[in-house]
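Student: Have a look at the structure that comes next, please.
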Amino acid sequence: MGFSATRPWGRRYGAVQWIDELRRSLLNELDFLAEAAYMRQFAGQLAGYPRLYIPTVHEAYCSGGVLTMTRVHGDKLRFGAPLPVSEDVATEQAGQLLCAYIDQVFLHGLVHVDPHPGNLVQTGDGRLALLDFGMIAGIAPVTRRALLKVLLFASQGDGDAVARLCERLFVELPEADLVGYRRAVGDAVLRYAVTHGEATLEMGRLLLSLTTIGARYGLRPPAELSLLGRAMLNLEPALRHLSPILPTRELISANLRRLLLEQLRPGAAQAEYGMVALDARRALLDAPEQLTRILQTLADNRMRFRIDGLEESHLIENLQKIANRIATGVIAAALFIAGSMLDRTEHGVHDALPMLMYGAGAIMGAGLLLSSLRRDRSPRDDGR
């Protein structure tokens with residue numbers, strides 16, 4: 001079967017968007033000027049982590065095909081090989097590396113997606129050098145906030161909240177099965193909250209599971225989510241090699257809460273608050289003109305309302321059934337009332353007419369009752 005982004009699985013996984021993201025990352029990896037800019041930016045972001053090190057870029061000797069940086073003296077991480085630093089230093093390196101990646105994902109929005117052990121070097125002064133910044137994933141602020149809440153709710157085992165957040169984050173396709181999706185997400189979140197231990201990093205597996213589940217049930221995941229899950233999976237063996245006893249779960253929860261509190265501080269997002277204020281000001285200035293248009297439309301009797309999906313939901317048919325039952329009930333009640341009024345007269349010629357009215361009203365009422373009992377059952381009752 002040939003590859004095609006237009007096949008159902010390609011459309012559900014967002015193959016076109018994913019390929020565009022991969023293409024952009026590969027082109028950046030071949031552009032050494034872009035990689036040099038990323039290295040300078042990441043060096044500033046990691047300034048608060050003394051155990052982490054990014055080589056200095058020598059801009060005068062860089063071009064689109066040449067990257068010149070300070071030489072790193074040390075040993076790459078190798079599985080099975082003893083670490084050249086003490087256990088305490090290695091644990092500090094692992095903890096700071098994990099916290100730095102949490103900052104990359106949820107604070108800065110730029111993620112080094114290739115943190116495999118070959119790109120990590122133990123230096124002679126007890127630092128951990130990060131190399132190869134060609135493949136970088138960018139995460140939009142809206143996505144960062146949503147993912148932060150997803151992981152916080154996932155750590156508490158709240159699958160319903162995670163599913164609701166992902167439904168807003170993903171693109172819902174016409175064939176989406178939201179009931180099945182929520183059930184599958186609930187199972188995945190429950191496993192994440194219960195089974196992952198202190199020394200393992202299950203964040204990457206959870207993100208990839210949410211991506212797979214969304215595509216399976218007709219919700220297209222964002223392209224950067226797969227790259228982010230891959231980065232977390234690449235990070236796990238490096239952390240485990242550095243420190244098998246690292247309290248991963250505790251560090252993740254503490255840093256997510258820290259980032260959440262930082263976002264709530266008034267001075268933490270002044271630019272964002274400024275944009276909100278500008279939008280509110282624009283809405284206030286436009287409100288008189290919009291109100292005038294609405295009032296003029298009402299005055300000219302040109303106001304129209306359109307409701308889509310009536311045929312699909314059978315709303316018109318249901319309204320007709322309700323109207324028929326109301327009419328039947330009114331006629332039955334009228335027959336009983338008319339029969340009782342005629343029955344009060346003492347003329348014998350009218351004795352048969354009230355009985356006919358009572359009988360007709362009783363038949364109509366019984367038919368209405370049987371119809372209600374037979375048809376007005378919820379889908380839940382039918383499935384029992």
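Student: What chymotrypsin sites (Phe, Trp or Tyr not before Pro) in the stretch 47-121 are in a loop by DSSP, with at most 12 other Cβ atoms within 10 Å of the Cβ?
Tutor: Phe79
Student: Leaving ligands, DNA and RNA out of it, report the carbon-plus-sulfur percent of the accessible area of the stretch 30-167 at a 1.4 Å probe.
Tutor: So the carbon and sulfur contribution to the accessible surface is 54 percent.
Student: Report the Cα-based extents of the stretch 59-213 along its three principal axes, largest first, to the nearest Å.
Tutor: In descending order, the Cα extents are 55, 40, 23 Å.
Student: What are the semi-axes of the equivalent ellipsoid of the stretch 152-230, taken as the square roots of 5 times the eigenvalues of the Cα gyration tensor, listed largest first and rounded to whole Å?
Tutor: Calculated on Cα positions only, the semi-axes equal 21, 14, 9 Å.
Student: State to the nearest 20 debye the size of the charge dipole of the stretch 46-92 about its Cα centre, where the only charges are +1 on K and R beta carbons and -1 on D and E beta carbons.
Tutor: 180
Student: Among Ser63, Ser86, Ile102, whose Cα lies farthest out toward the positive end of the dipole of the stretch 54-109, if unit charges sit on the beta carbon of Lys, Arg (+1) and Asp, Glu (-1)?
Tutor: After comparing all options, I get Ser63.
The values are calculated or read from the model by the stated rules, or taken from the named source; none is laboratory data. As the structure is a computational prediction, the values presented were derived from the model and not from experiment. No Cβ is skipped: glycine too gets one built from the backbone with ideal geometry, and neighbour counts run over all protein chains shown. Accessible surface is based on the protein model in full, side chains and every heavy atom, while ligands, DNA and RNA are left aside. Shrake-Rupley method; radii C 1.70, N 1.55, O 1.52, S 1.80 Å.
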